[in-house]
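The block underneath contains the structure these notes are about, expressed in structure tokens.
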Amino acid sequence: MSMLVPNLEELVPEAHLYREFLRLVNFEQLCNPLRARYSDLGRAGYPVATGFKCLLVQFMEDLSDRQMELRLKDSL
């Protein structure tokens, strides 16, 4: 592992709960029906699957919106 550029694959354990979710759930397929709810107006937003994953983590970790925003800013 490099001290300057950490490798995410080395930092997160193979058996981590979130890795299990990524292996078990096809988020692209799950979020397909939600894509129709996105608007073409304004600046492009985050991908639907990314937003869904954030909501899932927020629910699982019992985080407020502010706590989730901080977690996204300072956690890998």
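The values are calculated or read from the model by the stated rules, or taken from the named source; none is laboratory data. Being a predicted model, the structure only gives us computed values, none of them experimental. So basically every Cβ, Gly included, is an ideal-geometry build from the backbone, and we count neighbours across all protein chains shown.
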So L63 passes all but one of these: (1) assigned to a helix (DSSP H, G or I); (2) surrounded by 10 or more Cβ atoms within 10 Å (Cβ to Cβ). Which condition number does it fail?
(1)
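Can you work out which of the residues in region 16-51 that are in a loop (DSSP other than H, G, I, E, B) and among the hydrophobic types (A, V, I, L, M, F, W, C) is nearest to L72 (Cα to Cα)? Please lay out each step first, then the result.
So in region 16-51, the residues in a loop (DSSP other than H, G, I, E, B) come out as 16, 25-26, 38-47.
Narrowing further to those that are among the hydrophobic types (A, V, I, L, M, F, W, C): 25, 41, 44.
On the way: V25: 21, L41: 25, A44: 19 Å.
By that ranking, first place goes to A44.
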E28 within 20 Å of E9 (Cα to Cα), out of contact with any Ser or Thr (no Cβ under 6 Å at 6 or more places or on another chain) and of a type in the set (D, E)
no
Evaluate region 51-64: report whether one residue or more is over 24 Å from L8 (Cβ atoms), touching a helix residue (DSSP H, G or I) at 6+ places or on another chain (Cβ under 6 Å) and not acidic (D, E).
no
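Sort out which residues of region 31-49 are surrounded by 12 or more Cβ atoms within 10 Å (Cβ to Cβ) and either of a type in the set (S, T, Y) or farther than 17 Å from F21 by Cα (or both), and write them in order of number. If you could, list the steps in order and put the result at the bottom.
Of region 31-49, the ones surrounded by 12 or more Cβ atoms within 10 Å (Cβ to Cβ) are 31-32, 34, 38, 47-49.
Once the filter is applied, which keeps residues that are surrounded by 12 or more Cβ atoms within 10 Å (Cβ to Cβ) and either of a type in the set (S, T, Y) or farther than 17 Å from F21 by Cα (or both), region 31-49 yields N32, L34, Y38, P47.
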When (1) in a loop (DSSP other than H, G, I, E, B); (2) surrounded by 10 or more Cβ atoms within 10 Å (Cβ to Cβ) are applied to P13, the one that fails is (2)
What are the residue pairs meeting all of these: first residue in region 4-19, first residue under 18 Å from C54 (Cα atoms), second residue in a loop (DSSP other than H, G, I, E, B) and modelled with pLDDT of 80 or more, Cβ atoms under 7 Å, and 6 or more apart or on different chains?
R19/V12
I need a count of the residues in region 21-72 that are within 15 Å of the chain's Cα centre (by Cα) and of a type in the set (S, T, Y).
2
Where the second residue is assigned to a helix (DSSP H, G or I) and crowded, with 16+ Cβ neighbours inside 10 Å and the first is touching a residue at least 24 places away in the same chain (Cβ under 8 Å) and lies in region 45-68, which pairs have Cβ atoms under 7 Å and are six or more apart or on separate chains?
F52/F27; F52/C31; K53/F27
